[in-house]
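The structure appears below as structure tokens.
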Amino acid sequence: NAGAILFGFNAGSTQVGLLLEALEQKGAVRFLAEPNLVALSGQEAKFLAGGEYPVPVSQLGDRISVEYKPFGVEMSFIPRVVDKDLINLELKAAVSAIDPTNSVSLGNGFDISAFTRRETSTTVEMRDGESFAIAGLLTDDFTDSSKQLPWIGDVPVLGALFRSANYQRSQTELVIIITAHLVSPTRGEALALPTDRIRPPTEKQLFLSGQTASGGKTPTRGAAGEVAKQDFSGSYGYVLD
């Protein structure tokens, strides 16, 4: 139970990330989405990691139109900076999936599938770099199936020897972990691109050695030198110093 483990620690984002990676390697956790969103204070940001399912909708005059319903992992939040490093976060999150077992038949070949949905909303205050988790969104699924040999499986008493039944029960818990950071924009010349460290080869390097990039010295001064020192492993927002 990842939720119970996380609530037992008062950990920063780095420790939480290491714990989740360990649980994923053990097969106890599966990541549904890992988005990074940037928003202004007081403005809403949201994302959808999933898709849209077409649903027929009846209109006037026996006309039928198509309306798309989103499904997957949805999240929206409104951050508000109330102090130097204190963030008030209003959060709404939901996970939905198509459930064909509860579909509704409208006739004429039209079937509308139902959706399973788990959602939550909360408002918290946290410091820059702190993480918090939302847990307790449980699902309990039970499926059964049976197989038998034709004809022989229907014979009373003796048919039980030629039949088999399978039962499967699964319980899952949705855990949402949010880490808030205060970010500020950097100067345009300080932002790095993957191509900034690549120099075009000379004709000698290209035709004689087959090199596609020059192995010249890395610049150490000016904007080019600052870019060359950048790292592309930033975990959120911008490439920070």
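None of the figures in this text is laboratory data; all of them are computed from the coordinates on show. Quick caveat: nothing in here was measured; it's all calculated off a predicted structure. Virtual Cβ from ideal backbone geometry, glycine too; neighbours counted across all protein chains shown.
Going by amide H atoms built from the backbone, whose H comes under 5 Å of the H on E130, apart from near neighbours?
The answer is A180.
Could you sort 143-155, 64-76 so that the peptide with the highest average Cβ count within 10 Å comes first and the rest follow in order?
64-76, 143-155
Given K26/K147; K69/K92; K46/K69, which pairs have Cα atoms separated by over 28 Å?
Exceeds cut-off: K26/K147.
Taking 0.36 nm per residue of sequence separation and subtracting the Cα-Cα distance, how much length would be gained by fully extending the chain between V124 and N166, in nm to one decimal?
Gain on extension, V124 to N166, equals 10.6 nm.
Please give, to one decimal in nm, the separation of the simple spin-label points placed at A28 and A45, each 7 Å out from Cα toward the Cβ.
3.0 nm
Report the extension gain between S146 and V82 in nm, rounded to one decimal, defined as 0.36 nm multiplied by the number of residues separating them, less their alpha carbon distance.
17.1 nm
Using +1 on the beta carbon of Lys and Arg, -1 on that of Asp and Glu, and nothing else charged, what's the dipole of region 31-104 about the Cα centre, debye to 20?
Using only the charged Cβ atoms, the result is roughly 100 debye.
Going by average Cβ neighbours within 10 Å, how do the peptides 127-134, 113-120 rank, with the highest at the top?
For the peptides 127-134, 113-120, the packing ranking is 127-134, 113-120.
Can you compute the radius of gyration and Dmax for region 133-179, using only the Cα atoms, both in Å?
Expressed in Å, the Cα Rg and Dmax of region 133-179 come to 19.7, 62.
Taking amide hydrogens as modeled 1.01 Å from N in the peptide plane, which residues meet the under 5 Å criterion relative to Q211, leaving out close sequence neighbours?
L206
Counting only residues 5 or more places away or on other chains, whose amide H sits under 5 Å from the amide H of K69 once H atoms are built in the peptide plane?
So K69 has HN proximity to Y53, V55.
Sorted by packing (mean other beta-carbon atoms within 10 Å per residue), highest first, where do 162-175, 87-100 land?
87-100, 162-175
Calculate the all-directions average of the projected area of region 36-149's alpha-carbon convex hull, and give it in nm².
Taking the Cα atoms of region 36-149, their convex hull projects to 12.1 nm² on average.
Between E173 and V55, with labels modelled 7 Å along Cα→Cβ, what's the label distance in nm to one decimal, could you check?
In this crude label model, E173 to V55 measures out at 3.1 nm.
Would you tally the net charge around L86, using a Cβ to Cβ cut-off of less than 15 Å, leaving L86 out, and scoring K and R as +1, D and E as -1?
Charge balance near L86 sits at -3.
With a point put 7 Å past each Cα toward its Cβ, work out how far S65 is from A97 in nm, to one decimal.
Computed distance between label sites S65 and A97 equals 3.2 nm.
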